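The values are calculated or read from the model by the stated rules, or taken from the named source; none is laboratory data. Because the structure is predicted, anything quoted here is derived from the model rather than measured. Don't worry about glycine lacking a Cβ; one is built from the backbone with ideal geometry, like all the others, and counts go over all protein chains shown.
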Amino acid sequence: MKMNRLKNLFRKNSPDLEFVDSTRQVYTHYPILLAKDVKPFFKEFQEKDDGNYNFPGCPGMHDYSRVGYLITAWADIHIKANRAGTVIRLGTSPNDKGAKEKGVATPPPMQIPQAESRLREPFPMETSLTDGLFTFKDGIKPTAWNLPTPWKLFGNKNVSALLLPAVYHCPFLEDIYLYPGVVDYRGFTTANIIFSPRRNIEISIPAGTPMLHVIPFKTTDDFSASYGPGTNEQLDYHKSPKRFYESNWYRKYYMIKKKFKLKKNTGD
């Protein structure tokens, strides 16, 4: 009995998902963030243009923007793509024209000598990955790039994660197509950014910019679904949701509270 209690206590205190900085150079500067703590990149635009922040008016989209975690750029990412080809470079640069055009403030750069850096450079992938997925513009050559992140993910049993573009937090997704994916973190720890330049661009994505939206979920049980015509009760229920005449009725009566926690592990 005592042994079971100790096991349960250990499981309770052990995180479901661990983000481990494999380089030991990033976590103190650009840590993993709770999505709910990062404002969408267009918030200030709405407030300035409309005089109000309208996005929370759609609870489904606003709720999505606040679930899970964000992996941010751990170094400045410079991308130049045109008919001649694509060049991608990591590191600080005096030319942050692209970032300024997007209205992104550049945080203080990481001061890591190049010889000592453990950051991996981006490398090209098989271009057939992109065939038919979207249209490349301005006559640029289709390319797909793998940008290895410094983060390794370790999950408890039955923990998986969606790795999605940070659509509400990254202001550069009109310039790059960031591929979504799903990973089962049971012995597989990779979390890479895979992307393609969409058009003729020359941009600098500042370190600290949200890139991947990580939404963990547990695969404890099989999941079943059905489709077809609704019953009379289901259709009547749909026509008159509970207290729909009240303000914020969805958040008050329907939205499920989702708790995502995050703490810094010193590794000691």
Practice problem: Could you grab the pairs with beta carbons closer than 8 Å, sequence gap of 6+ or different chains, first residue in region 116-145 and closer than 21 Å to A84 by Cβ, second one surrounded by fewer than 15 Cβ atoms within 10 Å (Cβ to Cβ) and among the hydrophobic types (A, V, I, L, M, F, W, C)? | Solution: A144/L129; W145/F123
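Output yes when any residue across region 176-195 is in contact with a Pro (Cβ under 7 Å, 6 or more places away or on another chain) and in contact (Cβ under 8 Å) with a residue 40 or more places away in the chain, and no when none is.
yes
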Exercise. Considering only region 171-211, give the strands (runs of 3 or more DSSP E) lying wholly within it that have at least 1 residues that are on the phi < 0 side of the Ramachandran plot, of a type in the set (S, T, Y) and over 12 Å from the mean Cα position of the chain (by Cα).
Key: 176-178, 190-197, 201-205
Quiz item: From the set of residues in region 78-94 that are within 24 Å of the chain's Cα centre (by Cα) and either among the aliphatic types (A, V, I, L, M) or not in a strand (DSSP E or B) (or both), which is modelled with the lowest pLDDT?
Solution: T92
Quiz prompt | Among the residues listed as V167, V214, the single one being part of a loop (DSSP other than H, G, I, E, B), β-branched (V, I, T) and either modelled with pLDDT of 85 or more or within 28 Å of T28 (Cβ to Cβ) (or both) | solution = V167
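Can you tell me how many residues within region 96-150 are in a loop (DSSP other than H, G, I, E, B) and either at pLDDT 50 or above or touching a strand residue (DSSP E or B) at 6+ places or on another chain (Cβ under 6 Å) (or both)?
24
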Quiz item: Out of all the residues in region 32-58, which are part of a loop (DSSP other than H, G, I, E, B), surrounded by 14 or more Cβ atoms within 10 Å (Cβ to Cβ) and either at pLDDT 95 or above or out of contact with any helix residue (DSSP H, G or I) (no Cβ under 6 Å at 6 or more places or on another chain) (or both)?
Solution: I32, V38, P40, F41, F42
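Would you call I205 surrounded by 15 or more Cβ atoms within 10 Å (Cβ to Cβ), under 25 Å from D37 (Cα atoms) and modelled with pLDDT of 95 or more?
yes
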Quiz item: Just for region 59-90: of the residues that are among the polar types (S, T, N, Q) and farther than 20 Å from P216 by Cα, which one is surrounded by the fewest Cβ atoms within 10 Å (Cβ to Cβ)?
Solution: N82
